[in-house]
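Beneath this line is the structure, given in structure tokens, with notes to follow.
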Amino acid sequence: MKTLVIGGKSIPPGSSVSIDLPVALLHTHTPLTMPIHVRRSRRDGPTLFISAAIHGDELNGVEIIRRLHQEKSLSRLRGTLITIPIVNVYGVIEHSRYLPDRRDLNRSFPGSERGSLAGRLANLFMKEIVSNCTHGIDLHTGAIHRSNLPQLRVNLDDPETEHLARAFGTPVIINSDLRDGSLRQAASEHGIPMLLFESGEALRFDEMSIRAGVKGIISVMRTLQMLPKSRYRAKTEIEPLIARSSAWIRAPESGIFRTFSALGSRVTRGDVLGMIDSPFGDSEVEVVAPSAGLVIGKTSLPLINEGDALFHIAKFQAVKTVADNVEAYNETLAEIDEEDEIEEPPII
Ligand SMILES: [Zn+2]
């Protein structure tokens, strides 16, 4: 089996280690480190990284990784699992999406050793993590005051990526081109299939989003044969549907916003999705859906300026099927998972 070295530390098969990877010194000369956990089986298999908080205010992924670590089935792991719950350490400290140089880390990949602060952090992540891996999952949420339905953003031109995206099992997959400077783009240039999971909103924990993330990761690990197949058949098989395109509906006026459309709801053209009004209720303006689709993101702030993004609508060929799937999916997440019992002896 290949030797694995992270942060100058050699990690032999069959071991489980935490690493504090030195990132930089703060201006106070306080050392800043990135927490990394590596769990290696004695049995060969894929090396999967799971990263969160590349945007420092997107926290659901931090909790998804914590819960993943509690999964008993990890005792039967094949291959190597590398988890990085806090990539943008600077951003998490500041409750900010960005780095102190105001750059977006997810637009700074692959970075370079002599580049900007963001570029250096991106380069460190590529060198220490991505270059050691065969697959990756990056966990995100909506922006601040914006909530997302559980969804994957993936490049479906790659068959392996599509296979894993379907295994993750969110009802909605957005076929999204690779953005310049994203981790997804940099990983794909290394030939590493990568999924981007988006759910919930910044600076909040959302229980359904967290469950969806844990469930999706376990399912991908089973598909990669890193974990044994479940002995239970899924009660509801959800066939994910792929959005052809998506667009934001923006506020026609400024004012106080009331919404009638929940995440995951189906809209048809002409539906009134919300109202914008003055504080006295004497200048009501309707927010109307310009086309049919499914609400995959929405603002959670009732204070609106003209032009603000209100609803993110994904367009599907069969919107009704997607809406039904979202409902079935929510039911499966609401149930307590009974798939954790272990009969086989643990193998490390
Ligand atoms: Zn993000």
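The values are calculated or read from the model by the stated rules, or taken from the named source; none is laboratory data. No experiment lies behind these values; they were computed from the predicted model shown. No Cβ is skipped: glycine too gets one built from the backbone with ideal geometry, and neighbour counts run over all protein chains shown. Note: areas computed on protein heavy atoms with side chains; ligands, DNA, RNA excluded. Shrake-Rupley method; radii C 1.70, N 1.55, O 1.52, S 1.80 Å.
Before moving on, here are some points about what is shown:
- Restricting the stretch 147-158 to residues that are within 23 Å of residue 224 (Cα to Cα) and not in a loop (DSSP other than H, G, I, E, B), the residue that is nearest to the ligand (Cβ to nearest atom): 153
- Filter result (more than 27 Å from residue 16 (Cα to Cα) and out of contact with any His (no Cβ under 7 Å at 6 or more places or on another chain)) within the stretch 71-92: none
- One residue stands out in the stretch 140-171 among those that are charged (D, E, K, R) and under 15 Å from the mean Cα position of the chain (by Cα): the one that is least open to solvent (accessible area, probe 1.4 Å), namely 153.
Matching residues to (1) within 15 Å of residue 213 (Cβ to Cβ); (2) under 23 Å from the mean Cα position of the chain (by Cα); (3) hydroxyl-bearing (Ser, Thr, Tyr):
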site: 18; (1), (2), (3): no, yes, yes
site: 43; (1), (2), (3): no, no, no
site: 46; (1), (2), (3): no, yes, no
site: 57; (1), (2), (3): no, yes, no
site: 60; (1), (2), (3): yes, yes, no
site: 63; (1), (2), (3): yes, yes, no
site: 72; (1), (2), (3): no, yes, no
site: 75; (1), (2), (3): no, no, yes
site: 86; (1), (2), (3): no, yes, no
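- Among the residues of the stretch 248-281, the ones that are within 21 Å of residue 316 (Cα to Cα), open to solvent by less than 60 Å² (accessible area, probe 1.4 Å), more than 29 Å from the chain's Cα centre (by Cα) and not acidic (Asp, Glu) come to 2 in all.
- For the stretch 324-348, the set of residues classified as buried (at least 19 other Cβ atoms within 10 Å of the Cβ) and either modelled with pLDDT under 80 or not aliphatic (A, V, I, L, M) (or both) consists of 325, 329, listed by residue number.
- Some residue of the stretch 139-146 being assigned to a strand (DSSP E or B), basic (Lys, Arg) and over 30 Å from residue 225 (Cβ atoms): yes
- Hits in the stretch 300-313 (condition: closer than 20 Å to residue 202 by Cβ and either open to solvent by less than 30 Å² (accessible area, probe 1.4 Å) or part of a strand (DSSP E or B) (or both)): 303, 304, 309, 310, 311, 312
Let's see how each residue does on (1) open to solvent by less than 40 Å² (accessible area, probe 1.4 Å); (2) β-branched (Val, Ile, Thr); (3) at pLDDT 95 or above; (4) outside any strand (DSSP E or B):
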| position | (1), (2), (3), (4) |
| --- | --- |
| 231 | no, no, no, yes |
| 236 | no, yes, no, yes |
| 246 | no, no, no, no |
| 283 | no, no, no, yes |
| 287 | yes, yes, yes, no |
| 298 | yes, no, yes, no |
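- Across the stretch 104-126, the number of residues qualifying as assigned to a helix (DSSP H, G or I), under 29 Å from residue 40 (Cβ atoms), more than 16 Å from the ligand (Cβ to nearest atom) and touching a residue at least 60 places away in the same chain (Cβ under 8 Å) comes to 3.
- Matching residues in the stretch 89-101 - criterion: being within 16 Å of the ligand (Cβ to nearest atom) and farther than 16 Å from residue 7 by Cβ: 90, 91, 92, 94, 95, 96, 97, 98, 99
- Exactly one residue among 129, 65 is within 16 Å of the ligand (Cβ to nearest atom), open to solvent by less than 20 Å² (accessible area, probe 1.4 Å) and modelled with pLDDT of 95 or more, and that residue is 65.
- Candidates are the residues of the stretch 68-88 that are within 14 Å of the ligand (Cβ to nearest atom) and of a type in the set (A, V, I, L, M, F, W, C); the one that is surrounded by the fewest Cβ atoms within 10 Å (Cβ to Cβ) is 86.
- Each residue in the stretch 37-62 was checked for being within 14 Å of the ligand (Cβ to nearest atom) and open to solvent by less than 20 Å² (accessible area, probe 1.4 Å), and 10 pass.
- All positions within the stretch 127-138 that are among the β-branched types (Val, Ile, Thr) and assigned to a loop (DSSP other than H, G, I, E, B): 129, 134
- Residue that is farthest from residue 94 (Cα to Cα) [pool: residues in the stretch 172-225 that are open to solvent by 20 Å² or more (accessible area, probe 1.4 Å), outside any loop (DSSP other than H, G, I, E, B) and small (Gly, Ala, Ser)]: 219
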